[in-house]
Structures are given as structure tokens and as C-alpha cells.
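The values are calculated or read from the model by the stated rules, or taken from the named source; none is laboratory data. Everything quoted here is computed from the prediction, not taken from an experiment. Every residue, glycine as well, gets a Cβ built from its backbone with ideal geometry; the counts of neighbours run over all protein chains shown. The accessibility values were calculated without ligands, DNA or RNA, using every heavy atom of the protein model including side chains. Shrake-Rupley method; radii C 1.70, N 1.55, O 1.52, S 1.80 Å.
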Amino acid sequence: MTRRLMLLDTASLYFRAYYGVPDSVRAPDGTPVNAVRGLLDFITRLVQDHHPDDLVACMDADWRPHWRVELIPSYKAHRVAELTVTGPDEEEIPDTLSPQVPVIEDVLDALGIARVGVEPYEADDVIGTLAGTAPGPVDIVTGDRDLYQLVDDARGVRVLYPLKGVGTLQLTDEAWLREKYGVNGPGYVDLALLRGDPSDGLPGVPGIGEKTAAKLIDAYGDLAGIMAAVADPSSKLTPSQRKRLDEARDYVAVAPKVVRVASDVPLPAFDPALPAEPRDPAALDALAARWGLGSSLERLLATLRG
């Protein structure tokens with residue numbers, strides 16, 4: 001029997017929960033738990049609506065890997081709160097969100113929902129590796145368009161992009177990608193690196209916006225074809241395009257490794273099956289009482305039990 005796998009870009013979802021649920025949602029001691037309860041509500045709705053057999057909460061063990069920064073120093077630089085020599089840099093996170101992240105991790109562990117993060121990789125890389133090896137259909141839930149590159153109709157890999165919470169999701173498949181951007185999944189990598197992405201600190205090629213990038217990919221197939229056209233005086237690139245792409249050769253040479261998600265993360269052993277009962281009921285009860293998880297946890301438990 002083919003099992004449906006759901007992969008959560010967990011940080012993307014708890015950030016959305018944090019900003020979508022008022023911080024008046026608090027634990028008995030007054031600590032905000034809006035991200036915790038919001039994420040639990042998200043998972044409940046996702047399981048109810050999409051019926052995954054397996055679910056993995058993918059984590060950022062390193063949100064700004066040095067191997068990416070070495071290639072493009074501006075990568076996520078604007079989101080750094082503090083540079084660290086021996087480990088992952090400190091990310092700028094709202095003061096009332098950062099204390100909730102360990103609570104989220106503890107609750108997922110007590111529930112028995114698989115939680116996977118591997119240094120020095122981002123959650124995107126864990127998702128890319130799991131999606132690439134899954135034998136059955138895969139739903140990737142993320143608010144990060146970078147993961148559109150993994151869309152693959154032949155393998156049943158699609159992205160569920162939240163438009164409003166997770167009750168309204170944009171189902172991203174190859175037809176949607178071609179309609180919106182004129183590319184397939186792998187083509188999205190070339191599109192993204194050419195146009196750049198300020199939210200990730202990717203400069204792109206100056207003067208090459210999204211529409212121009214899509215036209216170039218359509219005309220020359222992929223990034224390699226575009227750069228071959230730069231060196232071909234008979235190609236139909238405009239003088240301006242040829243000049244800009246030629247001047248960006250150093251960036252274009254390294255950007256694919258930064259933009260493309262890893263597919264070879266050394267994953268630990270774990271059980272992705274959705275639990276019908278909590279792995280550690282006593283720990284879960286203690287967490288529910290300590291953090292006032294109330295109806296959010298009760299609804300998720302009822303959904304998991306079916």
C-alpha cells in the first residue's frame with residue numbers, strides 16, 4: 001500500500017502561527033504560547049484535510065549554513081542577530097517567539113510526531129532529501145516558495161502553500177508552476193537565482209527580473225543554456241542581457257549550490273508514521289498543564305486517534 005508523506009517546513013509554519021494567533025493566547029503563568037497552540041491547530045487541520053499516513057516536522061538545525069554563506073556572503077545576512085564562530089549564527093527572532101520553540105519541540109516529541117533536523121542543514125534540505133527518496137506521494141507544507149523546485153508530478157510531489165492559515169492552501173503542481181512562472185520544478189531554481197530574492201539575501205543578476213528570467217529559460221532551456229548563449233555571438237540575447245549575464249558569471253557559477261536544496265542530507269533513523277496515541281503521555285500531560293495547551297492539544301489528539 002502506498003503511503004502519503006507530509007513534510008512540514010516547521011519554522012515557516014510556527015512563524016505564521018505566531019503572527020496569525022494573538023499573543024493574548026498565554027500559558028497559566030502569562031507566557032505567550034500563540035505559536036505553540038497555532039502550530040498544533042495547523043497540524044490538526046492538515047491531518048484532517050489531507051490524511052497523510054506519515055508526517056515529519058522538518059527543522060532548521062542550521063538556518064544559515066556556512067557552506068552557503070561561503071559561496072554567497074549576503075545569504076540571509078540581514079536576518080542575523082549575532083554571528084557565531086563555533087555553531088549556527090543566531091537568527092533574529094521576536095522575543096516572545098524564541099522561548100516557544102523549545103516548547104514546540106518538546107510537545108512534538110511527547111506526541112511522537114517525527115522531528116528531524118541535521119547540522120549543518122536547513123529544514124529545506126531535510127525536506128529535499130526526504131522528498132527525493134519517498135516511494136509514494138509527498139505533500140510539502142511551506143510558506144517558502146524556494147521549495148517549488150521540488151514539485152514533480154511524475155513522483156507525486158507537490159507543495160501546499162498557505163494563503164490564509166492552513167485552511168486555504170495553494171496546491172502547487174507543475175501545471176500551476178508553468179501557468180505562474182513558465183517553468184517546471186527544476187526550472188524554478190534557475191528562475192530564482194537569476195531574479196534574486198531579497199528575503200534570502202540573494203542578489204540575482206542585475207536587470208534580470210522574473211519575467212525576463214522566465215523568457216530566457218524558455219528560450220535556452222536552463223541556466224547552462226543561457227550562459228552558453230552569452231558566449232555565442234549569434235544568439236538572440238540583447239546587448240544589455242549579454243553584458244549583465246557576462247558580468248554576473250562569478251555569481252551564476254556558485255548560486256545554484258546555494259539556491260538548490262540538498263538531496264543528500266545524512267538523516268538519522270526515525271519513524272515517520274503518524275502516532276495514534278502519544279509516545280509519552282505523562283510528559284504530554286505535564287506540558288499541557290504547564291503551558292495551557294488546552295483545546296488545541298485535545299483537538300489534535302482526537303484527530304490522530306481518528
Q) For the stretch 225-242, what are the residues that are exposed (fewer than 12 other Cβ atoms within 10 Å of the Cβ) and among the basic types (K, R)? A) K236
**Q.** Where L171 falls short, out of the listed (1) open to solvent by less than 40 Å² (accessible area, probe 1.4 Å); (2) touching a Lys or Arg at 6+ places or on another chain (Cβ under 9 Å); (3) not polar (S, T, N, Q)
**A.** (1)
(Q) So in the stretch 281-306, with the set limited to residues that are in a loop (DSSP other than H, G, I, E, B) and open to solvent by less than 70 Å² (accessible area, probe 1.4 Å), which one is nearest to V118 (Cα to Cα)? (A) L293
**Q.** the stretch 81-105 residues that are under 29 Å from D29 (Cα atoms) and among the charged types (D, E, K, R), paired with ones that are at pLDDT below 75 and part of a loop (DSSP other than H, G, I, E, B) (beta carbon under 7 Å, 6 or more apart)
**A.** E90/T84
Q) Based on what the data block shows, is P162 open to solvent by less than 20 Å² (accessible area, probe 1.4 Å), under 27 Å from R68 (Cβ atoms) and in contact (Cβ under 8 Å) with a residue 60 or more places away in the chain? A) yes
Q: Taking only the stretch 65-121 into account, find how many residues are among the polar types (S, T, N, Q) and over 17 Å from L293 (Cβ atoms).
A: 4
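How many residues, within the stretch 106-119, are aliphatic (A, V, I, L, M) and either closer than 19 Å to A27 by Cα or over 21 Å from the mean Cα position of the chain (by Cα) (or both)?
The number of residues fulfilling the criteria is 4.
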Q: Please go through the stretch 202-224 and pick out each residue that is open to solvent by 40 Å² or more (accessible area, probe 1.4 Å) and touching a helix residue (DSSP H, G or I) at 6+ places or on another chain (Cβ under 7 Å).
A: P203, P206, G207, E210, Y220, D222
(Q) Just the residues that are over 19 Å from V159 (Cβ atoms) and basic (K, R), please, taken from the stretch 31-58. (A) R37
Q: Please specify each residue of the stretch 138-149 satisfying the condition of being open to solvent by 10 Å² or more (accessible area, probe 1.4 Å), assigned to a helix (DSSP H, G or I) and in contact (Cβ under 8 Å) with a residue 60 or more places away in the chain.
A: D146, Q149
Q: Answer yes or no: is there a residue in the stretch 250-273 that is over 23 Å from the mean Cα position of the chain (by Cα), charged (D, E, K, R) and open to solvent by 70 Å² or more (accessible area, probe 1.4 Å).
A: yes
Q) Of (1) of a type outside the set (K, R); (2) open to solvent by less than 70 Å² (accessible area, probe 1.4 Å); (3) in contact with a strand residue (DSSP E or B) (Cβ under 9 Å, 6 or more places away or on another chain), S199 satisfies all except one. Which? A) (3)
Q: Kindly establish whether A17 is touching a residue at least 40 places away in the same chain (Cβ under 8 Å) and crowded, with 21+ Cβ neighbours inside 10 Å.
A: no
Q. What are the residue pairs meeting all of these: first residue in the stretch 223-236, first residue touching a residue at least 24 places away in the same chain (Cβ under 8 Å), second residue among the charged types (D, E, K, R) and surrounded by 17 or more Cβ atoms within 10 Å (Cβ to Cβ), Cβ atoms under 9 Å, and 6 or more apart or on different chains?
A. L223/D190; I226/D190
